[in-house]
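Trainee: Right, I'll just put the structure down here and ask away after.
The values are calculated or read from the model by the stated rules, or taken from the named source; none is laboratory data. Everything numeric here is computed off the predicted structure, so don't read it as measured data. A quick note on method: Cβ atoms are made from the backbone with ideal geometry, for glycine too, and the neighbour counts reach across all protein chains shown. Heads up: the accessible areas ignore ligands, DNA and RNA and are worked out on the full protein's heavy atoms, side chains in. Shrake-Rupley method; radii C 1.70, N 1.55, O 1.52, S 1.80 Å.
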Amino acid sequence: MLRSVYIISGPAGVGKSTTSRKLVEHLDRSSYISGDDISHLPVNGRGKPWICQETHKLTWTNILSLVKNLIEFNYDVVIDYVTFPSEANWLACELERMNVRVVYVVFMVDHETIISRDQLRDPSKQMGERSIILLNEFREVLKNDRHILNTQEYSVDQLEEVIEEIINNNRFLIS
């Protein structure tokens, strides 16, 4: 059976984690990878992945290893992480021989929504200005991109619709 790797991306506050956890429940044999958790495996000497190239590379190498292992054991994989197109394409290329579907979805909202959602988070998990910086970075690299899903209008009650869109819309496939 053809397995799938779902990369759920976007800046903090767009619904990546909530949607990823719900998507995992929808799949018959599934696994969940939090990129944030993987990036925090090194404790001492770890840099911020968006600044430190070594930490960034180590994080993606670890994610790739986990994905390969899970696919070999016949699991679908959901990756919840801030992932730019270059990283998603690299991962898809690395998995090419494994005959998997790679689905890449970038959730986006406007500035006001991201600020208000960030303020609803636990203060220890708020990203503040980093959310806006990421939003702007995604806008720069994803102009009119088929991988964008605007989650601004969706509420938590509509997660089923979002999940169906991710699973069934071929525009999110990396070819």
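Trainee: In the range 13-24, which residue that is among the β-branched types (Val, Ile, Thr), in a helix (DSSP H, G or I) and touching a Phe, Trp or Tyr at 6+ places or on another chain (Cβ under 8 Å) is most open to solvent (accessible area, probe 1.4 Å)?
Mentor: Val24
Trainee: Mind counting the residues in the range 87-113 that are assigned to a loop (DSSP other than H, G, I, E, B) and surrounded by fewer than 20 Cβ atoms within 10 Å (Cβ to Cβ)?
Mentor: The number of residues fulfilling the criteria is 2.
Trainee: Identify, by number, the condition in (1) touching a helix residue (DSSP H, G or I) at 6+ places or on another chain (Cβ under 9 Å); (2) assigned to a loop (DSSP other than H, G, I, E, B); (3) at pLDDT below 90; (4) among the polar types (S, T, N, Q) that Thr83 doesn't meet.
Mentor: Result: Thr83 fails condition (3) only.
Trainee: Taking Ser116, is it at pLDDT 95 or above, surrounded by fewer than 22 Cβ atoms within 10 Å (Cβ to Cβ) and closer than 27 Å to Ile132 by Cα?
Mentor: When the stated conditions are applied, Ser116 does not pass them.
Trainee: Let me ask something else about it. Of the conditions (1) closer than 19 Å to Gly35 by Cα; (2) of a type in the set (Val, Ile, Thr); (3) open to solvent by less than 40 Å² (accessible area, probe 1.4 Å), Ile133 clears all except one; give me its number.
Mentor: Ile133 satisfies all of (1) closer than 19 Å to Gly35 by Cα; (2) of a type in the set (Val, Ile, Thr); (3) open to solvent by less than 40 Å² (accessible area, probe 1.4 Å) except (3).
Trainee: Among the numbered conditions (1) modelled with pLDDT of 95 or more; (2) out of contact with any helix residue (DSSP H, G or I) (no Cβ under 6 Å at 6 or more places or on another chain); (3) closer than 20 Å to Asn168 by Cα; (4) surrounded by 21 or more Cβ atoms within 10 Å (Cβ to Cβ), tell me where Ile7 comes up short.
Mentor: All conditions pass for Ile7, except number (2).
Trainee: Step by step: first the residues of the range 25-75, then only those that are of a type in the set (Phe, Trp, Tyr) and free of Cβ contacts under 8 Å to residues at least 40 places away in the same chain, then the one that is surrounded by the fewest Cβ atoms within 10 Å (Cβ to Cβ). Which residue is that?
Mentor: The selected residue is Phe73.
Trainee: With respect to Asp36, is the statement that it is acidic (Asp, Glu) and not in a helix (DSSP H, G or I) true?
Mentor: no
Trainee: Show the residue pairs that are 6+ apart or on different chains and have beta-carbon atoms under 6 Å apart, the first residue being within the range 136-161 and more than 24 Å from Glu87 (Cβ to Cβ), the second being open to solvent by 60 Å² or more (accessible area, probe 1.4 Å) and of a type outside the set (S, T, N, Q).
Mentor: Sorted first by the residue in the range 136-161, then by its partner, the pairs are Leu159/Lys22.
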